[in-house]
Every structure is written in structure tokens, then in C-alpha cells.
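The values are calculated or read from the model by the stated rules, or taken from the named source; none is laboratory data. Everything numeric in this text was worked out from a predicted model, so none of it was measured. Virtual Cβ from ideal backbone geometry, glycine too; neighbours counted across all protein chains shown. For accessibility, only protein heavy atoms count, side chains too; no ligands or nucleic acids. Shrake-Rupley method; radii C 1.70, N 1.55, O 1.52, S 1.80 Å.
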Amino acid sequence: MKYVICYSGGHSSALCAIEAVRKHGKENVILLNHDITPKVEDEDIKRFKQEVADYLGLDITYANHERWNTATPVQVCKDAKAWKVDNGTALCTNRLKTAPFKDWLQLCDPNRENVYIYGFDNNPKEMARATRRTGILGSDGYKTDYPLITWERTISSTTEIGIEPPLLYNRFVHANCIGCLKAGWQHWYIVYCERPDIWEEAKEAEEAIGYAIHKDKDGAVYLEDKEELFELMKIAGVEPSEHVHYNKFWPIAKRKAAEVMESIKLVEMDELAEHDDGVCLDCMA
């Protein structure tokens with residue numbers, strides 16, 4: 001039996017890896033990762049997961065999509081002409097992570113002997129995710145465990161072992177792909193500001209697929225629909241960050257955007273006044 005860490009490259013999964021090695025020994029632990037193209041997986045994520053693996057004295061085991069090094073989540077969805085699979089799961093997750101994971105399970109754990117460890121944190125939302133994951137894998141006969149929820153902890157941050165968490169956490173709350181197709185508008189405002197290449201790729205994919213990544217109570221909301229607001233926010237100096245709760249972030253952002261819009265209108269009115277000499281052009285004809 002091995003303890004297989006679902007090793008995402010995020011801080012929580014790294015803590016699970018450390019806890020598992022300390023509890024069960026490195027000879028009984030596998031770091032299982034789905035590598036993602038550096039176009040969307042920040043290089044500092046790759047630095048972080050390698051440094052933690054080196055600290056533990058373990059190699060990273062990869063279960064990858066065949067085009068992992070080039071296929072972005074947006075491209076995978078564009079190729080399939082859909083954003084989600086039939087059960088409502090994000091198609092990119094299904095293709096880039098779930099399918100390779102299932103292939104690895106069938107090949108490397110056919111007798112269902114291993115324990116699969118996830119880095120869900122000890123809060124109600126994450127505990128609910130853990131319950132769902134237990135049910136999904138359990139229905140196929142696989143065992144799961146959640147060190148950050150159920151184990152006695154020996155470490156709370158990788159800084160304790162001299163490894164800095166990914167710099168991505170300075171702006172994002174998760175170490176997901178940049179341009180995560182499951183993320184909300186706050187995430188995509190960061191993409192708009194910092195990764196216009198991903199923004200444009202996603203816009204083109206929305207047009208090709210014929211439907212938007214996001215929707216609200218009234219239906220589809222396309223990236224293009226947000227561009228004017230996001231540009232005003234950017235001009236207003238709204239910091240691209242997920243670390244401000246959305247209930248606070250959006251009222252402030254929209255107020256600042258409205259102030260910029262009002263300033264632009266006033267400037268336009270002044271410019272018109274400067275060019276108006278009071279003479280009727282029709283009378284001069």
C-alpha cells in the first residue's frame with residue numbers, strides 16, 4: 001500500500017506530502033502530479049513543487065495529458081467545442097487531470113490498495129469537497145484521506161522548512177491555472193490586467209464555441225462584455241487581487257470605475273466647449 005499525494009503544486013498539497021512522509025516514511029509515499037503547460041501554470045508553481053519534492057527526497061510521478069506541454073485549458077475546450085462535460089464538470093479538468101488520473105489508477109493500482117491524499121483545508125467549504133471526493137473515489141473502491149482535516153499537524157507552512165510558497169499567492173487564493181475556467185470575475189480581472197494573451201485566447205474560444213465561459217442569473221456573460229468595466233478599473237488603479245472579499249471588492253471597484261467614467265465625460269465636454277466658437281456652421285455656408 002502506498003500513500004498517493006494528489007500533488008497539485010499548491011501549498012496545501014505540499015503540506016500533505018510533508019505530513020505523509022513524516023508519518024509513513026518516504027518509501028511509502030508517491031507524489032502524483034498532472035503537469036500543465038507553463039503558458040498557464042506559473043513557473044513559480046513548478047519551482048515550488050520541485051523544491052518540496054527535493055526536500056522529501058522523492059521524485060514527482062506524472063500522469064499527464066498527451067499534449068500537456070502545449071495544450072492550455074482554453075485550447076482543450078476549443079478543440080472539444082464545449083466548456084463542460086455532460087455532468088457539468090469543467091471540460092479542461094476532465095481532459096487535463098481526471099482522464100490521466102483514471103488511466104494511472106487502472107495501470108498502477110488495479111487492486112485498489114493505495115490511499116489517495118488530498119489537501120483540502122479544515123473549513124466547511126473544503127470539508128464538503130472532501131466528503132464529495134470520498135464518495136466519488138469510494139464508489140470505485142478507492143480509499144482517501146485528508147491530513148489537513150483529520151491528522152494531528154506537524155507543519156503549517158513550508159516556510160518552516162525554508163521553502164517559500166508560490167508567488168502566485170500574492171494575487172490569487174489558489175494555485176490554479178492562470179485563466180482558470182472555473183474561476184469568477186475577480187480572477188479574470190487579474191487575467192485582463194496581467195495576461196492579455198490568455199484573455200484574447202479565451203475571447204476567441206468563446207466565439208468559436210458559441211457560448212461564454214461565465215454566466216449569471218440572466219444567462220451568458222462574455223469576456224467582451226466586461227472589457228469596458230475592466231479597463232476603467234485598471235485606469236482607476238483597482239489592484240488585481242483575489243485577496244479582497246468579493247462583497248468588498250466589487251462595490252469599491254465599480255465606484256472607482258464610475259468616477260473615472262465621469263472624469264472622462266467631463267474632459268470630453270471641455271474639449272467640445274473649446275472647439276465651439278459660437279458660430280453656426282450652416283450660416284457660414
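Structure above, values below:
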{"item": "Complete set of residues in the stretch 162-174 that are in a helix (DSSP H, G or I) and open to solvent by less than 40 Å² (accessible area, probe 1.4 Å)", "result": "Leu168"}
{"item": "Leading residue by the ranking (nearest to Val74 (Cα to Cα)) among those in the stretch 206-256 that are aliphatic (A, V, I, L, M) and outside any helix (DSSP H, G or I)", "result": "Ile213"}
{"item": "Pairs where the first residue, in the stretch 219-245, is more than 12 Å from Trp199 (Cβ to Cβ) and in contact (Cβ under 8 Å) with a residue 60 or more places away in the chain and the second is surrounded by fewer than 15 Cβ atoms within 10 Å (Cβ to Cβ) and among the aliphatic types (A, V, I, L, M), C-beta under 9 Å, 6+ apart", "result": "Glu242/Val173; His243/Val173"}
{"item": "Subset tally (residues that are in contact with a Lys or Arg (Cβ under 9 Å, 6 or more places away or on another chain), among the polar types (S, T, N, Q) and open to solvent by less than 60 Å² (accessible area, probe 1.4 Å)) for the stretch 141-161", "result": "1"}
{"item": "Single unsatisfied condition, Leu31 versus (1) assigned to a helix (DSSP H, G or I); (2) buried (at least 23 other Cβ atoms within 10 Å of the Cβ)", "result": "(1)"}
{"item": "Any hit, the stretch 103-110, residues being over 27 Å from Arg67 (Cβ atoms) and at pLDDT 95 or above", "result": "no"}
{"item": "Subset of the stretch 128-140 [open to solvent by 40 Å² or more (accessible area, probe 1.4 Å) and touching a residue at least 12 places away in the same chain (Cβ under 8 Å)]", "result": "Arg133, Asp140"}
{"item": "Filter result for the condition that a residue is open to solvent by 40 Å² or more (accessible area, probe 1.4 Å) and not in a loop (DSSP other than H, G, I, E, B), over Leu96, Leu107", "result": "Leu107"}
